[in-house]
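S.K.: Structure incoming, see below.
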Amino acid sequence: MFSRRTLLGGAAAGAATLGLAACGGGGGSADADAEITTLKIMAPLLSDTAPDPEGQLQTAIEEFIGMPLEITWVPNSSYSDRVTVTMASDNIPHVMVHTGKSAELAQTAEAGGYWDLTDILPEYPNLTPENEDVAHGASINGRTYGIFRLRDAMRASVILRKDWLDNLGLAEPETTDDLREIARAFTDDDPAGDGSATTGLIIPAWSGYGNNGPYDLWETWHGTANVWKEEGGSLSPAFLAPEFIEANRTMREMVEAGQVNADFATMDSGTWNEPFFNGQGGIIADVSSRGLQLMGLFKDADPEGYGDKVTMVGNLKNPDGTLWALPTPGYSGYLTIPKAAVPGDAQLATVLTALDKLSSEEGQRLLNNGIEGVNYEVDGDQAVAIESEEASLIQSDVSAFAQIGTQSNGYLGLPAKPEGEAEAALDQKRLDYHEADLEHAVFNPGSAYMSQSYLQNGAILDQIVVDARLKFLAGQLDEAGLEAELERWTSSGGQQVVDEMNELYQQG
Amino acid sequence: MVMTNSPAAASPVPLQTGQEPAPGASSTRRKRSLLKRLRRSPMLYLMLLPGVVYFAVFKYAPMYGITIAFQDYLPFLGMQGSPWVGLDHFERLFSGPDFGRLLSNTLILAFLNVVIAFPAPIIVALMLNELRKQMLKKFIQTAIYIPHFLSWAIVSGLTYLLFALDIGPITVLFNELFGGRVNFLADPDWFRPLIMAQTLWKGTGWGTIIYLAALAGVDKQLYEAAMIDGAGRFQQLRHVTIPAIIPTVIIMLILNIGNFLDTGFEQIYMLTNSLNRDVADVFDTYVYFMGITNGAYSYSTAIGLFKSIVGLILILGANWLAKKFTESSLF
């Protein structure tokens, strides 16, 4: 009869959904013997438009590695969320780009979700790291679970309004005290010469700790070390060093004197350039490439007189004259290979061979420069952009494809030739500072180690420090309050992190 | 929750009016009669099927995922492969340093929602009901509905513009009137007022719809009788209008209390920063932070489960109270 059949159907549907739910999350296990014919990659997209899969650059890359590509471009703002969600799905790519050493990455890697490449990478010459220190820092407790994406080890700089310095007759800063004096003068002495309200430093809302933010720079210059401080063979958190309080005390003085933009806790970091360009503030401490960006803004507004608006210096010395420069980790995330998508050894070899090709000189130029003769020409050891509609299409694709380049064997692409004389001078100055500062770089001695309790509570613990620091700067906490908050870090699980880190450090 | 999807939400009449089965009916008899009824009118039950399938597929089957609250779940290992840890995550939650703060922040916001955001539409509906000019009433209604259709992202954007330090129009006005230099967006004392202001602005107009419907259903003769007895406008309001919408208010209150702990993730998340986090962190944002950002799926599921259980207890409790002290209840 009708009713019984429908009932059975309903029961079957119910059972099927339960079964489906039960299967979900098992990961998309691919066949270990099947050959990989299309390379699937998931990568972050930093610009607005994803490259055309039929575009010239992608076609050229596919020809070069001898395999079609299928790339999932995910907007950078939600990228790390998408990585975790994708790893739980059954549509896992062959190559997963990670933008940092996240808890998800470490946990999945240690559970066997990504290939352990420690003993495999040396077989691929273009995937063998050039810099052992960076490679060690990029490892997870000594094991390599991905091919790191090389970045400049030194990028820190202080960018200043050159015309304001000139108006006030001030020299470029060398020490943190110099910078405080400049911040004061930029605030009180009418640097623009028109009576407009100005501040010294511009700081946006900055989340996270130990990620080369403006506050991290200021603290390292004062001698707090870099995330972890090594003394007598043991590690302690940099923010528990006495210099941490001292650095933030001076920063707080600047905040209280109005020498920092008042909305430093809430300002959108996407609009960081605006107050500098509009003449509301005159100092930015950030990566040096921002200096060239700012110069570009001034050039757009005034193609003639833009040259004397922006200048920059490198890391600042502490008042005693000692230079502690804050380096980057030297890499920015990894390319990992999920075992669920690449289960067999032969498949792994296919994927690594393709990545190895992409990291060769020719591959690196494709990813970082584009197609020679179409969108750039070689001038000495620099790349000169070609102006054409075709070229600009490729140029925008290049900025996306650079994200899947690793260069862990050293950068073999060509640096772009700066457009004008002022840019060339600023660029040269920036590179000189990087080179000089690198000799005084304070590396993070704990960067390779990931403690279990940090994996569990790291985000919460870091937040305590970040919030306490900002509350202190905003005047919500006094020094005793700041110390109490740092004490809370220790008591709510931080001590365990310190103990575990030291254990790993002694072993490693 | 399931309840919010029920059309009962819009019904102003008491839903349960003593249709309990006879006290003597045993469960076996009920079962047999269900089978009999099934045979007698299969088409009726066939029509029920889509609803049953919908709830089974989209509401009940996903509940299987709750099991990860009792595991150390790793996406890559899946639900079968992840090790079981019993109640570890709950222990960690209750003994953790954040629990007290989260609970009190959540409860305070929930309380403010009940005492401020819940009555607001009732008051506005009563006021609209007293308006004589239909044109004006319709215009006001339409105008106050509009914010409901804006997403929280837009509401937050507007808030940031209006309350920006030193330059936001409201900040400027406030500082001119009361002096000082208020940082609305970063000052923890202003966090809850801002949240309530957003909630009222966005939700009040929309919330009046149900009460206006209930008010439209009040028998005109009652007002006429009250007028003949010499009741003024306020007495009519007190003795006719309010008693007439009380059942609706109670049903709405019970439904609301079920979502008592849902404090609105998007709204709070977008208004949170380092300086006001102490008062802003609630269970919803914490679950996001731990689960999605930190990859602690099991722990955040445990928190979510705890929240749901509290919500269930609240809704059952409110229903019980309503049944006990008034004639209207939900089930």
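The values are calculated or read from the model by the stated rules, or taken from the named source; none is laboratory data. Please read all numbers here as calculations on a predicted model, not as lab measurements. Neighbour counts are summed over all protein chains in view; Cβ atoms, including those assigned to glycine, are modelled from backbone coordinates with ideal geometry.
S.K.: Mind checking which residues of segment B:261-282 are touching a Gly at 6+ places or on another chain (Cβ under 9 Å) and either within 14 Å of chain A (Cβ to nearest Cβ) or at pLDDT 90 or above (or both)?
M.R.: In the first step, residues of segment B:261-282 are kept if they are touching a Gly at 6+ places or on another chain (Cβ under 9 Å); the result is B:261-262, B:270, B:282.
B:M270, B:V282, listed by residue number.
S.K.: Then there's this: Counting just the residues of segment A:188-222 that are of a type in the set (D, E) and closer than 30 Å to B:T272 by Cβ, which one comes out surrounded by the fewest Cβ atoms within 10 Å (Cβ to Cβ)? First the steps, then the outcome.
M.R.: Kept after step one, since they are of a type in the set (D, E), are these residues of segment A:188-222: A:188-190, A:194, A:216, A:219.
Keeping just the survivors that are closer than 30 Å to B:T272 by Cβ gives A:216, A:219.
Working: A:D216: 24, A:E219: 28.
Going through the qualifying residues, I end up with A:D216.
S.K.: Please find, among A:E63, A:E54, the residue that is loosely packed, with under 15 Cβ neighbours inside 10 Å, acidic (D, E) and closer than 17 Å to A:A354 by Cβ.
M.R.: Numbers: A:E54 fails: closer than 17 Å to A:A354 by Cβ.
A:E63 is the lone residue from the list that is loosely packed, with under 15 Cβ neighbours inside 10 Å, acidic (D, E) and closer than 17 Å to A:A354 by Cβ.
S.K.: May I ask you to say which residue of A:D467, A:D437, A:D462 is within 22 Å of the chain's Cα centre (by Cα), under 25 Å from A:G100 (Cα atoms), assigned by TED's automatic domain parsing to the domain that holds A:K229 and free of Cβ contacts under 8 Å to residues at least 24 places away in the same chain? Steps first, please.
M.R.: Numbers: A:D437 fails: free of Cβ contacts under 8 Å to residues at least 24 places away in the same chain; A:D462 fails: free of Cβ contacts under 8 Å to residues at least 24 places away in the same chain.
Among A:D467, A:D437, A:D462, only A:D467 is within 22 Å of the chain's Cα centre (by Cα), under 25 Å from A:G100 (Cα atoms), assigned by TED's automatic domain parsing to the domain that holds A:K229 and free of Cβ contacts under 8 Å to residues at least 24 places away in the same chain.
S.K.: Still on this model: Among the residues of segment A:313-348 satisfying the criterion of being among the hydrophobic types (A, V, I, L, M, F, W, C) and farther than 26 Å from A:Y209 by Cα, which is farthest from the other protein chains (Cβ to nearest Cβ)? Explain how you work it out, then say what you get.
M.R.: Quick first cut of segment A:313-348, residues among the hydrophobic types (A, V, I, L, M, F, W, C) only: A:313, A:316, A:323-326, A:335, A:337, A:340-342, A:346, A:348.
Checking the rest, the ones that are also farther than 26 Å from A:Y209 by Cα come to A:337, A:340-342, A:346, A:348.
Numbers: A:I337: 13, A:A340: 7, A:A341: 11, A:V342: 13, A:A346: 22, A:L348: 17 Å.
Once the filter is applied, the top-ranked residue is A:A346.
S.K.: Given the conditions (1) free of Cβ contacts under 8 Å to residues at least 60 places away in the same chain; (2) within 9 Å of chain B (Cβ to nearest Cβ); (3) not basic (K, R), report the number of the one that A:E110 does not fulfil.
M.R.: (2)
S.K.: Consider B:Y286 carefully, then state whether it is hydroxyl-bearing (S, T, Y) and either more than 21 Å from B:D88 (Cα to Cα) or under 17 Å from the mean Cα position of the chain (by Cα) (or both). Steps first, answer last, please.
M.R.: Numbers: hydroxyl-bearing (S, T, Y): yes; either more than 21 Å from B:D88 (Cα to Cα) or under 17 Å from the mean Cα position of the chain (by Cα) (or both): no.
In short, no.
S.K.: Go through A:A185, A:A238 for me and flag whichever is farther than 24 Å from A:A262 by Cα and buried (at least 19 other Cβ atoms within 10 Å of the Cβ). Working first, answer last.
M.R.: Details: A:A185 fails: farther than 24 Å from A:A262 by Cα.
Being farther than 24 Å from A:A262 by Cα and buried (at least 19 other Cβ atoms within 10 Å of the Cβ) holds for just one of A:A185, A:A238, which is A:A238.
S.K.: Scan segment B:152-197 residue by residue and report those that are closer than 13 Å to A:A265 by Cβ and charged (D, E, K, R).
M.R.: B:D187
S.K.: In segment A:280-337, what residues are touching a residue at least 12 places away in the same chain (Cβ under 8 Å), part of a loop (DSSP other than H, G, I, E, B) and over 30 Å from A:G446 (Cβ atoms)?
M.R.: A:Q280, A:K309
S.K.: Read through the list (1) in contact with a Ser or Thr (Cβ under 6 Å, 6 or more places away or on another chain); (2) assigned to a helix (DSSP H, G or I); (3) within 14 Å of chain A (Cβ to nearest Cβ); (4) not hydrophobic (A, V, I, L, M, F, W, C), then give the number of the only condition that B:P50 fails.
M.R.: Condition not satisfied by B:P50: (1).
S.K.: Is segment A:14-28 home to any residue that is out of contact with any Ser or Thr (no Cβ under 9 Å at 6 or more places or on another chain), away from every other protein chain (no Cβ under 14 Å), modelled with pLDDT under 90 and loosely packed, with under 13 Cβ neighbours inside 10 Å?
M.R.: First pass over segment A:14-28, keeping only residues out of contact with any Ser or Thr (no Cβ under 9 Å at 6 or more places or on another chain): A:14-23, A:26.
Subsequent filtering for residues that are away from every other protein chain (no Cβ under 14 Å) retains none.
For segment A:14-28, residues out of contact with any Ser or Thr (no Cβ under 9 Å at 6 or more places or on another chain), away from every other protein chain (no Cβ under 14 Å), modelled with pLDDT under 90 and loosely packed, with under 13 Cβ neighbours inside 10 Å: absent.
S.K.: Another one. Can you list residue pairs whose Cβ atoms sit under 6 Å apart, with the first residue in segment A:76-96 being more than 11 Å from every other protein chain (Cβ to nearest Cβ) and at pLDDT 90 or above and the second being assigned to a helix (DSSP H, G or I) and surrounded by 20 or more Cβ atoms within 10 Å (Cβ to Cβ)? Count only pairs 6 or more apart in sequence or on different chains.
M.R.: What qualifies is A:H94/A:V351.
S.K.: Next question, about the same structure. Which of the residues belonging to segment A:187-241 are in a helix (DSSP H, G or I) and either free of Cβ contacts under 8 Å to residues at least 40 places away in the same chain or over 20 Å from A:L473 (Cα atoms) (or both)? Full working, then the answer.
M.R.: Residues of segment A:187-241 that are in a helix (DSSP H, G or I), as a first pass: A:187-188, A:214-221, A:238-240.
Within segment A:187-241, A:D188, A:E219, A:A238 meet the criteria.
S.K.: Let me ask something else about it. Could you look through segment B:129-155, keep only residues that are out of contact with any Phe, Trp or Tyr (no Cβ under 9 Å at 6 or more places or on another chain) and polar (S, T, N, Q), and pick out the one that is farthest from the other protein chains (Cβ to nearest Cβ)?
M.R.: Per the stated criteria, the residue is B:Q134.
S.K.: Mind listing whichever residues of segment A:370-383 are more than 26 Å from the chain's Cα centre (by Cα) and part of a strand (DSSP E or B)? Reasoning before the result, please.
M.R.: Step one: filter segment A:370-383 for residues more than 26 Å from the chain's Cα centre (by Cα), giving A:371-381.
Result: A:E372, A:Y376, A:E377, A:V378, A:D379.
S.K.: Right, here's the next one. Could you identify the single residue in A:N126, A:N226 that is within 25 Å of A:E500 (Cβ to Cβ) and away from every other protein chain (no Cβ under 14 Å)? Steps first, please.
M.R.: Numbers: A:N126 fails: within 25 Å of A:E500 (Cβ to Cβ).
Unique residue meeting the criteria: A:N226.
S.K.: Here is a follow-up. Does B:K324 meet the test of being of a type outside the set (A, V, I, L, M, F, W, C), at pLDDT below 85 and assigned to a helix (DSSP H, G or I)? Steps first, please.
M.R.: On the way: of a type outside the set (A, V, I, L, M, F, W, C): yes; at pLDDT below 85: yes; assigned to a helix (DSSP H, G or I): yes.
Spelling it out, B:K324 is indeed of a type outside the set (A, V, I, L, M, F, W, C), at pLDDT below 85 and assigned to a helix (DSSP H, G or I).
S.K.: Quick one: would you say B:Y60 is more than 9 Å from chain A (Cβ to nearest Cβ) and modelled with pLDDT of 90 or more? Please lay out each step first, then the result.
M.R.: On the way: more than 9 Å from chain A (Cβ to nearest Cβ): no; modelled with pLDDT of 90 or more: yes.
When the stated conditions are applied, B:Y60 does not pass them.
S.K.: Do you know which of the residues in segment A:401-429 that are in contact with a strand residue (DSSP E or B) (Cβ under 6 Å, 6 or more places away or on another chain) and surrounded by 18 or more Cβ atoms within 10 Å (Cβ to Cβ) is modelled with the lowest pLDDT?
M.R.: This residue is A:K417.
S.K.: Still on this structure, please answer the following. With the condition kept exactly as written, say whether any residue in segment A:132-143 is crowded, with 23+ Cβ neighbours inside 10 Å and either of a type outside the set (G, A, S) or at positive phi (or both).
M.R.: Keep residues of segment A:132-143 that are crowded, with 23+ Cβ neighbours inside 10 Å, which gives A:138.
Going one step further and asking which of them are either of a type outside the set (G, A, S) or at positive phi (or both), we end up with none.
No, that holds for no residue.
S.K.: Restricting to segment A:34-67, what's the tally of residues that are in contact with a strand residue (DSSP E or B) (Cβ under 8 Å, 6 or more places away or on another chain) and in contact (Cβ under 8 Å) with a residue 24 or more places away in the chain?
M.R.: Residues in segment A:34-67 being in contact with a strand residue (DSSP E or B) (Cβ under 8 Å, 6 or more places away or on another chain) and in contact (Cβ under 8 Å) with a residue 24 or more places away in the chain: 14 in total.
S.K.: Still on this structure, I have one more. Scan A:A225, A:A247, A:A285 and give me the residue that is modelled with pLDDT under 95, buried (at least 19 other Cβ atoms within 10 Å of the Cβ) and within 25 Å of the chain's Cα centre (by Cα).
M.R.: After ruling out the rest, the residue left standing is A:A225.
S.K.: Taking segment A:83-102 on its own, how many of its residues are in a helix (DSSP H, G or I) and surrounded by fewer than 17 Cβ atoms within 10 Å (Cβ to Cβ)? Before the answer, list the steps.
M.R.: Pass one, segment A:83-102, residues in a helix (DSSP H, G or I): A:83-87.
Pick out the ones that are also surrounded by fewer than 17 Cβ atoms within 10 Å (Cβ to Cβ) and you get A:85.
Qualifying residue count, segment A:83-102: 1.
S.K.: Give all pairs with beta carbons closer than 7 Å in which a residue from segment A:480-508 that is charged (D, E, K, R) meets a residue that is surrounded by 18 or more Cβ atoms within 10 Å (Cβ to Cβ) and not in a helix (DSSP H, G or I); count only pairs at least 6 apart in sequence or on separate chains.
M.R.: Matching pairs, first to second residue: A:E485/A:L477; A:E500/A:S451.
S.K.: Considering only segment A:257-278, I want to know if a residue exists there that is modelled with pLDDT of 95 or more and closer than 28 Å to A:G446 by Cα.
M.R.: No, because not a single residue in segment A:257-278 is modelled with pLDDT of 95 or more and closer than 28 Å to A:G446 by Cα.
S.K.: Still on this model: Would you be able to say whether some residue in segment B:231-250 is part of a loop (DSSP other than H, G, I, E, B) and loosely packed, with under 15 Cβ neighbours inside 10 Å?
M.R.: Taking segment B:231-250 as the starting set, the residues that turn out to be part of a loop (DSSP other than H, G, I, E, B) are B:231-232.
This time we only want the ones that are loosely packed, with under 15 Cβ neighbours inside 10 Å, so: B:232.
Yes, some residue in segment B:231-250 is part of a loop (DSSP other than H, G, I, E, B) and loosely packed, with under 15 Cβ neighbours inside 10 Å.
S.K.: Please go through segment A:452-508 and give me each residue that is of a type in the set (F, W, Y), farther than 21 Å from A:E104 by Cα and within 11 Å of chain B (Cβ to nearest Cβ), ordered by number.
M.R.: So in segment A:452-508, the residues of a type in the set (F, W, Y) come out as A:454, A:472, A:489, A:505.
Now narrow it down to the ones that are farther than 21 Å from A:E104 by Cα: A:472, A:489, A:505.
Listed by number, the residues that qualify are A:F472, A:W489.
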